[in-house]
Amino acid sequence: MGEAVLAHEASKLALPVTVDSAGTASYHVGDTPDERQAGTVATCKKYGVPIDHAARAVERTDFKDFDYILASDNQNLSNLQRIAPKNPKAKISLFGAFGDGKPIADPYYGSQSGFEQCYQQCVSYSQGLLKEIYGDDIYDRKEEAHQTLLAKV
């Protein structure tokens with residue numbers, strides 16, 4: 001969901017960003033959303049957020065190809081820090097660092113309200129990240145700079 005929401009928030013502002021999503025484990029590589037992710041797809045559809053993604057694992061090249069690598073929770077953050085090469089180009093951070101500092105709660109085994117909460121966190125953190133990159137007034141202007149982003153959410 002984080003990838004889709006971040007890409008959507010950037011596109012609403014006509015910002016030329018590249019957003020991708022990757023897991024720190026490779027057990028769903030190539031898979032599209034399954035029935036557990038139906039809540040993600042439904043929530044994104046409800047808010048007009050396009051979502052089309054096949055799972056992939058983080059690659060070492062991501063640390064030099066992207067400016068930011070964002071983790072949804074502390075376990076993924078630890079995994080990213082562990083596998084990162086020395087002196088990566090990418091800033092590795094908890095996605096929530098661009099908001100309230102909280103990890104994104106995993107909604108997959110709960111109710112639909114968990115997906116709503118996850119969506120709201122993703123919107124807030126996406127806006128916070130875009131403000132950090134482009135300035136606090138980004139929602140009042142458009143920027144031409146290009147940033148590449150990898151969101152693990």
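The values are calculated or read from the model by the stated rules, or taken from the named source; none is laboratory data. For clarity, every value in this text was computed on a predicted model and none was experimentally measured. Don't worry about glycine lacking a Cβ; one is built from the backbone with ideal geometry, like all the others, and counts go over all protein chains shown. Heavy atoms of the whole protein, side chains included, go into the accessibility calculation; ligands, DNA and RNA do not. Shrake-Rupley method; radii C 1.70, N 1.55, O 1.52, S 1.80 Å.
With all protein chains in place and a 1.4 Å probe, the accessible surface of region 1-137 carries 49 percent carbon and sulfur. Under 5 Å from the amide H of L94 lie the amide H atoms of A71, each residue being 5 or more positions distant or on a separate chain, with H modelled from the backbone and absent for Pro and chain starts.
Modelled label positions at E59 and K91, each set 7 Å beyond Cα in the direction of Cβ, lie 2.5 nm from each other.
With θ taken as phi - 60° and the Karplus curve 6.51 cos²θ - 1.76 cosθ + 1.60 applied, the whole-hertz 3J(HN,Hα) list for region 69-82 is 10, 10, 9, 6, 8, 5, 5, 5, 4, 4, 4, 5, 5, 5 Hz, x standing for glycine and proline.
On the beta carbon distance between Y108 and E132, with R0 = 25 Å, the FRET formula returns roughly 0.30. Of the trypsin sites (Lys or Arg not before Pro) found in region 56-108, those that fall in a DSSP loop while having at most 15 other beta-carbon atoms within 10 Å are R60, K86, K89. For the residue pairs K12/K45; K12/K86; K64/K102; K46/K91, the C-alpha atoms sit more than 24 angstrom apart in K12/K86; K64/K102; K46/K91.
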